Each structure stands twice: as C-alpha cells, then as structure tokens.
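Here's the structure we're looking at; comments come further down.
Bear in mind these aren't lab numbers, they're just calculated from the coordinates by the rules spelled out. Remember, predicted model here, so these are calculated numbers, not experimental data. Cβ atoms come from the backbone with ideal geometry, glycine included; neighbour counts cover every protein chain shown.
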Amino acid sequence: MITGTLTALVCGLLLPILLPADKEHLMPAAYLFLLYIPLNHLALNLLGIDHGSGNFRWLNATRAALYPVYFSGLVLCWFLVADRVFWAVFSLLVANGAVVLLRLMARHGNLASGEAVVPARILLTESYPFVAASIITILYMQVDKVLLVWLLRAEEIGWYVAAFAAAGVVNVLNRALGIVQFSIAAQERPRYGFALIAVVLRRSTIFSLAAAGGLALLLPWLLPLVYGSEFQPAVVLSYILLPGMILAGLSEILTQALRGQGQPIAGILSKIFGLMVMGLSGFFMAKLWGARGIACGYFIGEVFVFLGLMFVSFRFYQDAVMSDLRLKAADFMFFRGKLSSKQF
C-alpha cells in the first residue's frame, strides 16, 4: 500500500505534464485510474506467492476473474452511460479490485495472524534488482503507446490498439510458458538448464509461426467483424506487429528463465537498448507512415531485445550450446502427438 500510494501520487502530479493538451478531456478518467496502481501492487505481491510456489491453478483462476467483471461493466457502459470512456475505465478498475479482493480472501488466514514470514527490510533489499528490471520492462512495454498518444490522431490510435490486441493472440501460449519457466528455472542448478529452455524456445517458435499464419488468414474478416468496417486499416498494422509479437513472446520465456535463476538484471541492457531503438525508430517513422511507422519501430525494438537476451543467456548458462536451438524432428513429432491425442 505504501509503494503503490506513493507511486500514484507521483503519477498524479505528473499527469498534466505527460498528457498532451489535445487529450486533456481524458484527465478525469486518468486521475480515477490512478487507484489501479495500489490495487495492482497488492495483486502482484499476492500473485507472486502463487507464482513462486507453482500454484498455477489458483493463480490462473484469480487472473481469469478479471474478465467477466470487466466485460459485464463494458456491456453496462454501452447501454446505460454517455461518457463511455470514463465508465469503461471505472469498469476496469472494479474488475482489478475484484481480483485483489479474491486474493485477499484466500490469504485471510495469513493476514489475520499478523506474522511476517519475511521481514520487510530483507524483502525490500532482495527485491531491489527485480524492481529495477520491472521498471525498465514497464517502460519498454509502454513506449509505443506514448508515441501513439503524442504523435497520432485518435483514429490511428484506435487502429493500432485494435491491431495490437489482435496480433497479441499469438503470445497466449508463450506468456503461459514464461510463467511456468520461472518456477522451473528457480528449481534448477545455478547457471544450468539451458537445454530445457532451448526445447521450449524451439517448440514455442513452431507453435507461434503456425498460429501467426492461421491468424493472418483470419484477420481480414475477424477485425472488421469485431470492431466494425472502419477498422479495416488495422489489418495491415496487425501484419506488421505479428513478427514483433512472436519475438516478444520468445523474449519473455528467456526473461522469466533468467529471473528464476535470480538474474533479473541480466537482460536489462538489451531492453534498455531496445527501448531506445523502438523509441527513436518509431518517432521518425511515425512522421512518414503514421501508425505503421510505430508498428515497424516496435518490431525493430523486439529484434534487438531478443538478440540481446540470447547473447546474455549464452554468457550466463554454462551448459548453453548453439546446437540446442536447432529444430529437431522430435519437436514436430511432439506437436503431432499432441494433435493426435487432442491435448491442445
């Protein structure tokens, strides 16, 4: 609550500076959504307990609780209110609050005892590298959104957001694998276990390429169907974003593996460099191609991040060999077996 509240106060002071003058009508919704920060701090701490202990059933159940609450709020907004942006933000805030409440209820016994399993001083000291890594990761994930707000008109922002959401579907499996990879890496011998990571990367690449190919065929029909015919330009944007999304998913697997080995800072330089590349390339290309330029900048940034993480991984893992990344017949047989047994 302390870290979340302080962060929300700082953001509140900076909002008038960070939000462009032509977007000032969004200020009330932005101030309201500052409450998300302390809620999210609480949720992430409680989620970390389940993540670290490998309690994936409860972790996924509580995360999934967000969606029915949020979508119910969106439906009510559509039919009942005039200012849909403000109340959609409110709905998202309530949905995140529901997740936190669910987690707090599950941990009621621990909270009622009043006993700290880990002293706050030790927790803050040991978490410092993870905090630094998380700040860079958050900045990296938001830089394209910052460029959107400052450089593009509202119409193009809408296209980009729709395209980003559609292209992001290819990373559903990779995000799940990243979560699992963290727990597996935490139990491995220090600086060992690259062979298993390589297997996950190879098979994730195959799955992602297949999913991207299928999605590319469906997007010209799906995007206008979901968002309306005026979002047809988002199809081209999603095609540009797809390769970057695949690389982002693979990078997440490497990042979580390094985090599990207690090395959250190990790949930070590659993300900092990728952040600069994405920001600069997106800024200049946006002037030429608008939203397409920012999408190209996103892809270029992801290329540098992935290559940087691969370089760091080969330096960190003592058992890392390049041949482990070569596709093998067993990888394709794995998918064939899964498909034939209908386990997907």
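Which order, highest average first, do 329-340, 33-44, 188-199, 253-264 follow once you tally other Cβ atoms within 10 Å for each residue and take the mean per peptide? All intermediate terms of the calculation are to be shown ahead of the outcome.
Working: 329-340: 11.5, 33-44: 18.2, 188-199: 16.1, 253-264: 22.6.
Highest to lowest by the protection proxy: 253-264, 33-44, 188-199, 329-340.
Straight-line cross-link reach from Lys328 at under 20 Å between alpha-carbon atoms covers these lysines, not counting any fewer than eight positions away in the same chain: Lys338. Within the shell of other residues whose beta carbon sits under 11 angstrom from the beta carbon of Gly267, the net charge comes to +2, with Lys and Arg scored +1 and Asp and Glu -1. Only lysines eight or more places from Lys145 in sequence, or on another chain, were considered; those with a Cα closer than 20 Å are Lys23, Lys271, Lys287. Each peptide in 151-158, 274-281 gets a packing score, the mean of other Cβ atoms within 10 Å over its residues, and the list from highest to lowest is 274-281, 151-158. Put a dot 7 Å past the Cα of Leu19, heading toward its Cβ, do the same for Ser134, and the two dots end up 2.5 nm apart. Two tests apply to each whole DSSP H helix in the chain, Cα reach of 18 Å or more along its axis and mean Kyte-Doolittle hydropathy of at least -0.5, and the ones passing both are 2-18, 36-53, 66-80, 84-106, 120-151, 154-167, 172-187, 194-227, 234-260, 268-289, 291-316. What FRET efficiency, computed as 1/(1 + (r/R0)^6) with R0 = 25 Å and r the Cβ-Cβ distance, is obtained for Ser113 and Thr5, rounded to the nearest 0.05? E(calc), rounded to 0.05, equals 0.55.
Based on the mean of other Cβ atoms within 10 Å per residue, sort peptides 236-245, 12-21 so the most packed one is first.
The packing order, highest mean first, is 236-245, 12-21.
For region 29-74 versus region 116-189, the spacing of their alpha-carbon centroids is 14 Å.
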